[in-house]
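What follows draws every value from the coordinates through simple rules; no lab data is involved. In this text the structure is predicted, and so the values were computed from the model without any measurement. Methodologically, a virtual Cβ is constructed for each residue, glycine included, from the backbone with ideal geometry; neighbour enumeration extends over all protein chains shown.
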Ligand code: FES
């Protein structure tokens, strides 16, 4: 068995990684580079350049290639090094390859699985349509404790009823027909990320979403205070 459990974990909201950009993230203390080329496909890699170990999340995207900020080596979306600026005539050997993890989106959330041979299914909470992004927030609390506490936390939403959406997922139903999906990212031993999307009539209006996003601040305080 490898270092990581076979399960899908959220690493952010889909819209947070714009085409042409590269961002860092951490799952279970493991650094990741998340980037998106012009083709729109998200990529999630170990945040380490195979050349001299520079963080690839500091790199820059050109077309559908990620270039390392240090010596400019370029990597295509499969992780293979395709160009070495100091040796433009050289075809890089196949052995120079970044560590690539699966990257997919569902419910407006970006997911990955760090297991050596991922086989578990993606989280399934019904139809993918109708979910609207609220916000991501980070709490100083272990991921599993966060999941437990979410069931009793005061999120400022009237008549909220918390539920369990599966491994690393919490849901909150409100009396007004709104559902919040909270995907929990284990960042480190004492830190978790919450990536929140909402579905329902209220979630369609941007003003309502703004209001709900503000309430998430209250949720963070409630989680950390317990
Ligand atoms: S460390 Fe990345 S190209 Fe040299």
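Which ones in segment 1-59 are more than 19 Å from residue 105 (Cα to Cα) and assigned to a strand (DSSP E or B)?
Step one: list which residues in segment 1-59 are more than 19 Å from residue 105 (Cα to Cα), which gives 1-5, 28-31, 47-59.
Within segment 1-59, 30, 31 meet the criteria.
Can you name the number of the only condition in (1) within 16 Å of the ligand (Cβ to nearest atom); (2) surrounded by fewer than 15 Cβ atoms within 10 Å (Cβ to Cβ); (3) over 26 Å from residue 90 (Cβ atoms) that residue 58 fails?
For residue 58, the failing item is (3).
Across segment 78-105, what is the total count of residues that are out of contact with any helix residue (DSSP H, G or I) (no Cβ under 9 Å at 6 or more places or on another chain) and in a strand (DSSP E or B)?
The initial filter retains those residues of segment 78-105 that are out of contact with any helix residue (DSSP H, G or I) (no Cβ under 9 Å at 6 or more places or on another chain), namely 78-97, 99-104.
Going one step further and asking which of them are in a strand (DSSP E or B), we end up with 80-83, 97, 100-101, 103-104.
So the count comes out to 9.
Please work out which one of (1) farther than 30 Å from residue 5 by Cβ; (2) out of contact with any strand residue (DSSP E or B) (no Cβ under 9 Å at 6 or more places or on another chain); (3) within 14 Å of the ligand (Cβ to nearest atom) is the condition residue 63 fails and give its number.
(3)
Test each condition in (1) assigned to a strand (DSSP E or B); (2) within 14 Å of the ligand (Cβ to nearest atom); (3) within 18 Å of residue 36 (Cβ to Cβ) for residue 69 and report the one that comes out false.
Looking at each condition in turn, residue 69 falls short on (1).
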